[in-house]
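Let me begin by presenting the structure, written as structure tokens, before commenting on it.
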Amino acid sequence: MLQMSKAPALPATLLEIVNLTKSFEGVKAVDDVSLHLREGIITTLVGPNGAGKTTLFNLITGHLRPTAGDIRWQGDSVVGTAPWKIAQLGVARTFQDLRLFSHMTVFENVLTVMENSAWFWQSEAGSVTERRRRVHEILDATGLVHKAEVRANDLAYAERKFLSLARIMATKAKMWLLDEPASGLDPGSYERFVTLLRNEVRRGITICIIEHNLEIVVSISDRISFLDQGRLLADGEPDEILSNPELSSIYFGERNP
Amino acid sequence: MLLLQLIINGIQVGALYGLTAVGFSLIFGATKIFHFAHGASFAISAYVFYYLYAVLLVWWPISILAACIVVVVFGVALDRYVYGPIQSTDGSFFTIFVGSFGVAVVVQNLIGTVFGRGFISVPSALSKSVELAPGLYVAPTAAIAVVIAVACFVALQLFLGRTNIGIAMRALSESPALVRTFGLNPKAVSTCAFALGSLLVVPAAVLTSMTSGLNAAIGGRVMLISVAATIVGGVGSLRGAACAGLLLGIAENLALWRFDPQWSEAATFLILFAFIVLRPSGFFGRAVNS
Amino acid sequence: MIAYLINLATLVCINAILAITLNFIMGYAGIFSLAHAVFFGVGAYVAAFMALQWTDSLLFQLVAAMLLAGLLSAALALPALRVRGDYFVAASLGFQVLATTVFSEWKSVTGGIGGLVGIPPASIAGHAITDPVEFFGLAAVALALVVVLTTAIVRSSFGRSLKAIRDSESAALAFGKNVALIKTLSVFYSTAMCAVAGVLYADYLSFINVESFTIDASTLFMAMVIVGGIGTVWGPIVGAVLLTLLPAALTYLPFLPRTEIGSVQQMIYGLAMVLLMIFKPDGLMGAKQGEA
């Protein structure tokens, strides 16, 4: 995969962000950002706190409405589309604060994500046995099988992180937006986490990830987009972004005041 | 002339609604506690005043002072011994709401048992109407209500803008962490919010006891109006709550122009519902879609 | 004595249906409504009005009452559910106040403050149910059906969606759940079933008036759910049993004047709500939460 992204021809665009702006009471949290999220690779959003990364996610998923600009999913604008419809189009996300279904069991957390219909019949999710089998597979892959009947609230921190990932694996989404999914993981869990992501990308999933830890950014990214104060400062190959002295001064300036 | 009469009545009632709603809004803004028992505070202070002034014939300033003390103690005690423990364990909107609602139920029934469930009112020369123009009757209480409401609101704004704890109270609605940077204990700020918010019901309680009268169930009604005014005005905006209270008071009275009195509460509900549908952020509020 | 017990048991069944349906939206959908008594009232008035004017057929009464209550609640819920939970509480409180006024003023339909009297007994397939024991059987069957149906829904994919929305609405949205539709459907179901209790109530007592459908009633139903344990299967039933028997038990206290029983009952459950929230927010049956 890394090889592919370094080839001169870039993969096709799955989601296109065009001159996107979002202001809160005059303050521009996202300021005229244009960005292509390309198929089958991992794009990392980096930048200091308050750079507008999570706001960008909220705009893409429809949780927020942009002040100006456009968001195109496979060429069609999705601005103004309800969040649940955007999700059904194929964009799934995790949250920085996880937002697990805290009073439901681990098993139910994953199962309910597959059941997208508001009615009783789940024509697109397969039979009940089929669904249960898939939940098992996912819990197996994320190492949560022995916790299947535990309430999400009662999980340890790393387990909660993996449940958040298990939930997104249960969707049929083509694109995952991951908001700091690895923060606070110990090295062992982190290894497993990266392997999982790589497997999913190999399966054809497109990932956009917000990450602070530079080590993780280096090891995981195919492309990096650098945001600061709502503006997109740079967008390119990891090497060129990380070797840019101006960007690292902004980045580390914020990190070590 | 009837219309003018209704508007004047509406302003009198609305000023008092506004003041009560500001108390609720202040508590909600500063502590995020949905203080459903705010109506109970109103009922308690009104009945304390009634009992001392009209039954025991205590001098009126003492009666009002006693009402103030009792209601502040009630509010602060709730914060300390009911909301505090709930917040330290669960603290979800629901548990606080149920706890608060339970208190309101207990208070309403205690008052009903002690003072009876019928209407009572405090006789006072101040509520005797004078015919200002042909067919236009105004009692001194109307002027008193407006003057006191404006005075209280101005005093509150000064307090919130000028004093350390007042600024902290406004900050608490933004972020609890910010308050610690002021060197103030969030608990102390919360206590202060409950004391002030509860105190703000006293003028309305006393004047209502002289004008339209009291019954044991008045707390629930006051509660509906406070919540409605807070939402219509925009959550977190004291100015909004005050204006919305005024609006609700006027609307209730204007409804009398065409409808029977029992429908006046419907006006409150219709305005509330219209705002929830058309403008959920209220007059001055920010977007609130969860 | 037997007649007295049968009477209590019938009322317990009706109250249990009310508590279960309220628990369905409070415990599983996270919607806190103070207007449950309105839909209880709608069911009761529809049944009474139909019985007095057109038909004593229980089936027709049930269908009409469920539809009317469900549609009314959906009309209320669609706009109000778009906003925050505390707004819905306020909106439902306002709606309860408005509905109480309508119940007591719309004299041609509700009989005004005096209510409707002499409601003829309901009939199933031409057989009029006049015997209290038979009626208790009917109420018990209705309760059993509501329990089975509600439990089935809670355990279905729909129930999981509801719980997901309750736990995190934004996450549920982000995973493709049509939150507004799911919530509205759940409110529709809850209020339609609540209307069933209303129909039974009107047919059983053969007399109804606004006093059974006020904010005090809504509060009582909420207390049943909370005391028993919100979000559990048995909690609301336990709560309904306890709070229905409470006034009956209070009449055995000789020092209590009869006129104060209602008041004392409310004080007891008000206090119970406060203490439970402080010490045991999950309710009496709360230890079992999560199994559902």
(request) Please check which bits of the range B:1-43 a label hung off B:E131 would reach, taking the label as a point 7 Å along Cα-to-C-beta and the cut-off as backbone N under 20 Å. (result) B:1-9
(message) Give me the dipole magnitude in Debye, nearest 20, for the range A:99-172 about the Cα centre, with unit charges on the beta carbon: positive for Lys and Arg, negative for Asp and Glu.
(response) 160 debye
(message) Please check: in the Gaussian network model of chain A (C-alpha springs, under 10 Å), which one of A:E246, A:E200, A:E211 has the largest mean-square fluctuation.
(response) A:E246
(request) In Å and from the alpha-carbon atoms only, list the Rg and Dmax of the protein assembly as shown. (result) 29.6, 94
(message) Charges at C-beta only: +1 for Lys and Arg, -1 for Asp and Glu. How large is the resulting dipole of the protein assembly as shown about its Cα centre, in Debye rounded to 20?
(response) 340 debye
(request) Considering the options A:G75, B:L126, C:T10, tell which one lies farthest towards the positive end of the dipole of the protein assembly as shown, charges being +1 on Lys and Arg and -1 on Asp and Glu at the Cβ, about the Cα centre. (result) B:L126
(request) Mind sorting A:V110, A:V27, B:V235 by how few other Cβ atoms lie within 10 Å of their own Cβ, fewest first? (result) A:V27, B:V235, A:V110
(message) As a test of understanding, state the convex hull volume per residue of the range A:99-172 from its alpha carbons, in Å³.
(response) 86 Å³
(message) Cut-off is 10 Å between beta-carbons; in what order do C:I165, A:I241 appear when sorted fewest neighbours first?
(response) A:I241, C:I165
(request) Give the Debye-formula value of log10 I(q)/I(0) at each listed q (0.09, 0.13 Å⁻¹), with one equal scatterer per alpha carbon of chain C, two decimals each. (result) -0.42, -0.89
(request) Could you work out the Kirkwood radius for the range A:140-232, taking every pair of different alpha carbons, averaging 1/r and inverting it, reported in Å? (result) 14.4 Å
(request) Calculate the dipole size of chain C relative to its Cα centre from +1 charges on Lys and Arg beta carbons and -1 charges on Asp and Glu beta carbons; express the result in debye to the nearest 20. (result) 760 debye
(request) Among the lysines, select those whose C-alpha is under 17 Å from the C-alpha of A:K85, and discard any that sit fewer than 8 residues away in the same chain. (result) A:K172, A:K174, C:K177, C:K183
(request) Return the Rg/Rh value of the range C:3-55, two decimal places, where both radii are evaluated on C-alpha atoms and Rh is the Kirkwood radius. (result) 1.10
(request) Once you've got the GNM for chain C with C-alpha springs shorter than 10 Å, pick whichever of C:M224, C:M277, C:M50 has the biggest mean-square fluctuation. (result) C:M277
(request) Note down, for the range C:164-244, the three equivalent ellipsoid semi-axes (square root of 5 times each alpha carbon gyration tensor eigenvalue), biggest first, whole angstrom. (result) 30, 17, 11
(message) Suppose the chain between A:D154 and A:F24 were pulled fully straight at 0.36 nm per residue; how much longer would it get relative to their current alpha carbon spacing?
(response) 43.2 nm
(message) Just to compare against my own numbers: the Cα pair-distance distribution for chain B, 5 Å bins, whole % per bin, please.
(response) 1, 6, 12, 17, 19, 17, 13, 8, 4, 2, 1, 0, 0
(request) Using +1 at the Cβ of each Lys and Arg and -1 at the Cβ of each Asp and Glu in the protein assembly as shown, identify which of C:G111, B:F94, B:L136 lies farthest towards the dipole's positive end. (result) B:L136
(request) With springs only between Cα atoms under 10 Å apart, run a GNM on chain A and tell me which of A:T112, A:T67, A:T129 wobbles the most. (result) A:T129
(message) At q = 0.08, 0.14 Å⁻¹, what log₁₀ I(q)/I(0) does chain A have when each alpha carbon counts as one equal point scatterer in the Debye sum?
(response) -0.32, -0.99
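Here, each number is a calculation from the coordinates, and none is a lab measurement. Quantities reported herein were computed from a predicted structural model and do not represent experimental measurements. Neighbour counts are summed over all protein chains in view; Cβ atoms, including those assigned to glycine, are modelled from backbone coordinates with ideal geometry.
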